[in-house]
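Only the coordinates and a few stated rules stand behind these numbers; no lab work does. No experiment lies behind these values; they were computed from the predicted model shown. All Cβ positions, even for glycine, are placed from backbone atoms using ideal geometry, and neighbour counts span all protein chains on display.
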Amino acid sequence: MKTTLALLSGALMATAGAAQAQEVLNIYNWGNYTSPELIEKFTEETGIEVTITDYDSNDTALARIRQGGHGFDIVVPSNTYVQTFVEEGLIQPLDPEIVTDRGNISPQWQDVAFDPGREYTVPWAWGTTGLIVNSSVYDGDPNDAGLIFDPPEELAGGINVIPEMVDVMSIAVYYAGGEDRCTTDTELLRKVRDMLMEAKPDWLALDYGTIDAYAQGDLEAGIYWNGATMRARLENPDLVYGYPRTGYPVWMDNVAVLSDAQNPENAMQFVNFILQPENAALISEFARYANGVEGSAEFMDEEMRNAPEIVVPEDLVSAGRFSEPCSQDVTDIHTQIWTELLQ
Amino acid sequence: MRRRGGTLWNWLLSAPALLVLVLAASGPLVIVLVYSFLSPGNMGGVAWEPSTDAWFRLFFKRDIFDPEVVTWNEAHLVVFWRSVSLSLQTTAICAILGFPTAWFIATRAPHRRALWLFLITIPFWTNLLVRTFAIQELIRNTGTINSLLLRLGVIGEPIQMMYTDFAVLVGMAYVFLPLMVLPLYAAMDKLDMRLVEAGYDLYGGRLQVLRHVIFPLVKPGFVAGSILVFIPAIGAYVTPRVLGGGRTMMLGNLIELQFGQGRNWPLGSAMAMLLLIVVVAALVLYLRWANAEPEQRNG
């Protein structure tokens, strides 16, 4: 076994070595998230060839990186996962010699709890998880999580909830009156469970709900991400995005360089590259999420700058919550409620 | 027919293949088994602290609101049963649709059969996910079938087919049908048509010939086909997720939840082991039943 492994990794290293001659960079990022234009521009400016590999969840990314031997240089974990990556030594501090423009990060994202002083990461994109509503079916206030948990008659039967336990449980806990999404208050959790069980018959699906399904009217309302909602609205102007006033999750995906990166210098160059406002704007134009780099809005089209999905209304900003991962005990309770809900 | 294996030479020849099979099959299984007796790690993975908690949680649950109360974990049992039941239905649908198809192919002129078989395998050229999305395109509310029926005036409003058990069954039957047709065809191909004629000569009706001559002779094809359909069906993940709309979980989704957002790898491992045990047990019972002589079965 050991010899085989040694031989295999030897062969892998040999290929990696050969490739290094022509300067490469291997990015491990969420699917359908990396702007091809951005990558083209980076290659043009630096001559570094970029390979992108997709993942579909933080857990997948973390598990694969933990195993080692992945060959990636860059990963883009969400805020809740950054600390785990740091604590386990999976990502390395940014090199101040190469990453010189951390000052370009918007003040609100400069010194964040999950990465004090931005020692390890820079923003890729950030967004919110809220509600999507087809206003031609229901034209009431969209900023109300009750549309999902206690739906009006018009929407009942046309609701889709993303199968993201963490997001859905958070919005539900906030709606039921919880401050902390990892609450251990059993009375509150009981309320959340009963509320979900009661709401479920009104839900058509718990699906990732393709943008088309909303645009074409197969789905009428749901829990959805802001950027995806914007893409759907551009296809169907009746769709509006709602920020639940009782509380909604705010997230940020962050670019980090892996400790076992094979091309750390190229990776650092890429990190600094996306800190340039004109480059960060490309990320947003493609994924339709804000990026966290000061001044990048200038380089975006009008549509993006004023999008109601991207610009959070003044009075609803404070309802957005940036959260830490819950403990295993609380996660187990959430899983149990979720399993009961989907049994 | 019966040959005594076991000469050194034979063993040497088969050793590499056996080694791969044993290592590749048992290695991961041992890991899964070991994981199921450990504790969940921080943010996924496992911690090397032995625990039977996963197996306990698989069957029982502590009441969230009162940890003293321990009850059966119905939710897990319900999901388990749904998977088994949908897989059995899929197998039945495949058998009902597959039999005439295989019979049709087997009764073509020999040089034509290759073409029909070839047609059966065409779906395998396309990725499963793509085919599943194609079905979704057909049956969704604004999809091909509903638009067509609406335009023809057959229905007043779209029929809700997506996100139902019906959609899952259609998808699974479509995906697994070739796996039933191929072994059935293999069995029918060897069928001696003179026996069928003999049945008619002995004044057997069509149904009688079918029941007493054809069925017993192609039974091995049915057995192989059912196994090939049932086992992947019970672990199906993509089809129920895309077509079923995720309102209810199947076993594959439940296991994935533990390795993903639930972050309880030991529980996921225990579920996977239980699935394996159930499948193997069902297989043994089924094969015993299928290989039993008819007299034994009736008596």
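Below is a table of values for the structure above.
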item: Fewest-first sequence of A:CYS182, B:CYS94 by Cβ atoms within 10 Å of each Cβ; result: A:CYS182, B:CYS94
item: Neighbour-limited loop hits for trypsin sites (Lys or Arg not before Pro), the stretch A:30-126 (at most 16 other Cβ within 10 Å; DSSP other than H, G, I, E, B); result: none
item: Selected from B:MET162, B:ALA187, B:ASN141, residue furthest toward positive end of dipole (chain B; charges at beta carbon); result: B:ALA187
item: Efficiency of FRET from Cβ geometry, B:ASP189 and B:ILE96, R₀ 22 Å, rounded to 0.05; result: 0.65
item: Phi-based couplings in Hz for the stretch B:94-103 (Karplus 6.51, -1.76, 1.60; Gly and Pro marked x); result: 4, 5, 5, 7, x, 4, x, 4, 4, 5
item: Pairwise label distance in nanometres, A:SER135 with B:ALA15, each label 7 Å out on the Cα-Cβ vector; result: 7.5
item: Cut-off under 5 Å, modelled amide H: who pairs with A:TYR55 long-range; result: A:ASN29, A:TRP30, A:GLY31
item: Helix A:36-46 axis, angle to chain A major axis (alpha carbon atoms, nearest 10°); result: 20
item: Sites matching trypsin sites (Lys or Arg not before Pro) across the stretch B:125-229 that sit in DSSP coil, with at most 16 neighbouring C-beta atoms within 10 Å; result: B:LYS190
item: 0 to 90° range, to nearest 10: angle between helix A:165-175 axis and chain A longest Cα axis; result: 40
item: Positive-pole candidate from A:LEU206, A:ASN266, A:TYR33, dipole of chain A, charges at beta carbon; result: A:ASN266
item: Cα gyration tensor shape for the stretch A:242-332, rounded if a/c is under 1.5, else prolate or oblate; result: oblate
item: Theoretical FRET efficiency, 1/(1+(r/R0)^6), r = Cβ-Cβ of A:ASP185 and A:SER327, R0 22 Å, to 0.05; result: 0.95
item: Contour excess over end-to-end distance, with Cα ends at B:PHE118 and B:VAL22 and 0.36 nm allotted per residue; result: 31.3 nm
item: ³J(HN,Hα) computed for each position of the stretch B:255-271 - Karplus, 6.51 cos²θ - 1.76 cosθ + 1.60, integer Hz, glycine/proline x; result: 5, 4, 4, 5, 7, x, 5, x, 6, 10, 4, x, 5, x, 5, 4, 5
item: Relative contact order (percent, whole number), the stretch B:86-291, Cα cutoff 8 Å, 6+ residue spacing; result: 26
item: GNM flexibility winner over chain B from B:PRO67, B:PRO266, B:PRO100 (Cα, springs under 10 Å); result: B:PRO67
item: Calculated [θ] (222 nm, deg cm²/dmol) that DSSP helices of n ≥ 4 give over chain B, each run adding -39,500 (n - 2.57); result: -22500 deg cm²/dmol
item: Burial ordering of B:HIS111, A:HIS334, fewest other beta-carbon atoms within 10 Å first; result: B:HIS111, A:HIS334
item: With Cα atoms, 0 to 90° folded angle of helix A:226-235 axis to chain A main axis; result: 80
item: Amide H contacts of A:VAL293 (H built 1.01 Å from N, under 5 Å, at least 5 apart or other chain); result: A:SER106
item: Alpha-carbon centroids, the stretch A:251-328 and the stretch A:115-176: separation in whole Å; result: 19
item: Sites B:TRP289 and B:ALA198 - FRET efficiency at Förster radius 25 Å, r taken between beta-carbons, to 0.05; result: 0.35
item: Cα-centre dipole for the stretch B:86-291 with unit charges at Cβ (Lys and Arg positive, Asp and Glu negative), debye to 20; result: 140
item: Residue-averaged 222 nm ellipticity for chain A, from DSSP H runs of 4+ at -39500 (n - 2.57), nearest 500; result: -11500 deg cm²/dmol
item: Residue (of B:LEU202, A:HIS334, B:THR52) at the positive-pole extreme of the protein assembly as shown, dipole from beta-carbon charges; result: B:LEU202
item: Karplus-derived HN-Hα couplings along the stretch B:131-142 (A = 6.51, B = -1.76, C = 1.60, θ = phi - 60°), whole Hz, x at Gly and Pro; result: 5, 5, 5, 5, 4, 4, 4, 6, 9, 5, 4, 9
item: Loop GluC sites (Glu not before Pro), the stretch A:63-137 (other Cβ atoms within 10 Å of the site Cβ: 16 or fewer; DSSP); result: A:GLU88, A:GLU97, A:GLU119
item: Cysteines without a disulfide-compatible partner [the protein assembly as shown; Cβ-Cβ under 4.7 Å]; result: B:CYS94
